[in-house]
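In what follows, a single structure is set out as structure tokens and then discussed.
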Amino acid sequence: MRGFGKYTIWVYSGMALVFLMIPIVYTIIFSFNDARRTNIIWRGFTLDNWLNVCAAQDVCRAFGNSILIAVVATFIATVLGTMIAIALVRYRFRFRNTTTLLIFLPLTTPEVVLGAGLAAQFLQAGVPKGLGTVIIAHALFCISFVIVTVRARVASLDPALEEAGRDLYGSPQQVFWRITFPLLLPGIIAAALLSFALSFDDFIITNFNRGAEVTFPSFVYTAAARGIPPEANVIASAVFLLAILFVLVSQFTAAARRRRLAKL
Amino acid sequence: MAFSAFTPTEQKADASIQKRSPVALLLLLPGVIFLVLFFVTPLLSLLLTSLQEPVPGGFFGEYRQALRWENYVFVLETYGTQTLRSFGYAALASLFALLIGFPLAYFIGITLRRFPLLQALCLVLVIAPFFISFLLRTLAWKQIFAIEGPVAGFFSMIGILGPGQSITGTAFSVVFGLTYNFIPFMTLPIYATLERLDLRLVEAGGDLYASPATTFRTVTLPLAAPGVISGTLLTFIPASGDYINASRDFLGSTETAMIGTVIEANFLVLQNYPAAAALSIVLMAVILVLVGIYVKRSGTEDLL
């Protein structure tokens, strides 16, 4: 890679990063487009879309559904996933390899297979599709991601800290809730955010299990044929800006902390 | 991060923390039951559905359990092209994502080590596409490529595009979209392995009079292999099952239909559940074989 010349990699990577940003910038710019139903051609700058997001009512309802689904599915996946992650690192048990495989396989299963499988099962069991089936489907594909994320955190915990708690006569419950859990919390929060993002943006699995319910991605998919209202761009841009702000703040505080520690 | 899902994580090899206890069962049971109910049994019900036959004289979309293996022959004959096309597109997209993602990961993980703040910023830029709707960013490309758009204008000026031809709706635009959408999935696991690569090993290569190219090939690349493998899996698997990029309303046309497209159409529109299920099983089987080979060759005993 060094033989390429010193600055080639800077230029190449810079271009790759610009390439990654193009559709994001495009989506944000077109949230300010003075368009009515179809947001394809630039018709001038306006703030109306941002000020009256719910003017396109169906967009807002879809957004509300997506938030509701993401919150509940994230809660289920985070609780169940964290429990499994702790058990995997801390305990020995029979069928360990089978359990690992059971967690690993959903990560390697294409979404369309997960979606069709659940839909086939709901069909056979006579369960009507709706928000409930979507929540189950989302919790399912998030759970493995939660386990992988939290597990890394459990594995990197210093056992000496918990030993110290036990040496000071802390009961197992006290040691867990006062020492282990607070130390795991950053990992659990990261896992929950990841699940929230995955659930919020999922389309394929949702499409197989939503019935007549509309989520934000499924709204965009259906509207793509006849034109997306600019309000959809507003919602996507707002979600993006919030998430980026959050990530930037946490990244930079972490980098600054590393730098401070490095100077010590 | 979850992107190291396919690379072995270094665990604190402290056997003393691992013990047998009934607590383990309490911790595992709820999640395992959930996974069995909503992952294992759905796969079984796909398998059962794939062997169903229409009820004679029944309603549209009415099937009964049978052992109709001909369903598989039917779907492979009818949708063989779409199936092969999916794996072809996914392989191309993985290759292009690797060509863009590897240098990018190298840049962030190794070149930028001396600039922690810039490194953090670039990492944020790589994950940024995750935070904006997958569908909207794919549509953005469609509109950028549109006939009256600047890209199409340039392409027809240099003669690649004939009059009346468009960029969207072609194999090119679908592979382009897949590549774009999965670059972060390729870059992040490679970054994760390169970021903790010990540079003294690379220096040692130079000290032993290896050319930079030889050092790269014999030292850096093998050390980055776990990241490349997990990145390829994380790109290839979702790309082969994707049907958004290939959809007519996005970057594709009827000529670019992939296996996901026909699974969706058979399940949700034609209500031909057995065909949709048989195609899903075919897709799953191919992925499992690939994952099996990868896991075996890379010797990843610890899967997660």
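Derivation of every value follows stated rules applied to the coordinates shown; laboratory data play no part. Every value quoted in this text rests on a predicted model; they were computed, and no experiment measured them. Cβ: placed from backbone, ideal geometry, glycine included. Neighbour counts: every protein chain shown.
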**Fill in**
Counting sequence-distant residues (5 or more places) and residues on other chains, those with an amide H built under 5 Å from that of A:Y91 are B:K19
**Request:** Quickly estimate the mean residue ellipticity at 222 nm for chain B, helices only: each DSSP H run with n ≥ 4 gives -39500 (n - 2.57), and the total goes over all residues, rounded to 500.
**Result:** -20000 deg cm²/dmol
**Request:** Over the alpha-carbon set of segment B:170-235, work out the extent along each principal axis and list the three values in angstrom, largest first.
**Result:** 49, 21, 13
**Item:** segment A:27-57 and segment A:165-220: distance between their alpha carbon centers, rounded to Å
**Value:** 33 Å
**Request:** Could you tell me whether chain A comes out rounded, prolate or oblate from its Cα gyration tensor? Rule is a ≥ b ≥ c as square roots of the eigenvalues, rounded for a/c under 1.5, then prolate if a/b exceeds b/c, otherwise oblate.
**Result:** oblate
**Request:** Quick one: what are the phi-derived ³J(HN,Hα) couplings along segment B:218-226, Karplus 6.51/-1.76/1.60 with θ = phi - 60°, whole Hz, x for glycine and proline?
**Result:** 9, 10, 5, 4, x, 6, 8, 3, x
**Prompt:** Can you give the net charge of the other residues whose Cβ lies under 11 Å from the Cβ of A:V175, counting K and R as +1 and D and E as -1?
**Reply:** -1
**Asked** Which whole number of Å³ per residue matches the convex hull of the alpha-carbon atoms in chain B?
**Response** 211 Å³
**Fill in**
When chain A is treated as a Gaussian network with springs between alpha carbons less than 10 Å apart, the largest mean-square fluctuation among A:I136, A:I22, A:I41 is found at A:I22
**Overall form of segment B:153-267 per C-alpha gyration tensor (a/c, 1.5; a/b vs b/c)** = oblate
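Arranged by the count of other C-beta atoms within 10 angstrom, fewest first, what order do B:V202, A:V79 take? Can you show the working numbers first?
Values: B:V202 20, A:V79 16.
Arranged by neighbour count, lowest to highest, B:V202, A:V79 become A:V79, B:V202.
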**Overall Cα dimensions of segment B:43-198, principal axis frame, Å, largest first** = 71, 49, 24
**Request:** Neighbouring Cβ atoms within 10 Å as the yardstick, rank B:D198, A:D34 fewest first.
**Result:** B:D198, A:D34
**Complete:** Expected sort for A:E213, B:E203, B:E148 with the fewest Cβ neighbours (10 Å cutoff) up front is B:E148, B:E203, A:E213
**Item:** Descending Cα extents along the principal axes, segment A:120-162, whole Å
**Value:** 52, 16, 15
**Prompt:** In whole angstrom, how long is each semi-axis of the equivalent ellipsoid of the protein assembly as shown, when you take the square root of 5 times every eigenvalue of its Cα gyration tensor and sort them from largest down?
**Reply:** 36, 32, 25
**Request:** Report relative contact order for chain A in percent, whole number only (criteria: Cα-Cα under 8 Å, sequence separation at least 6).
**Result:** 34 percent
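Where a ≥ b ≥ c are the square roots of the eigenvalues of the C-alpha gyration tensor, would you call segment A:69-226 rounded, which needs a/c under 1.5, or, failing that, prolate if a/b is larger than b/c, or oblate?
Note, shape of segment A:69-226 comes out prolate.
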**Message:** Going by Cα centres, segment B:256-275 and segment B:39-65 are how many Å apart?
**Reply:** 14 Å
**Item:** Charge dipole magnitude, Cβ of K and R +1, D and E -1 - chain A, Cα centre, debye nearest 20
**Value:** 800 debye
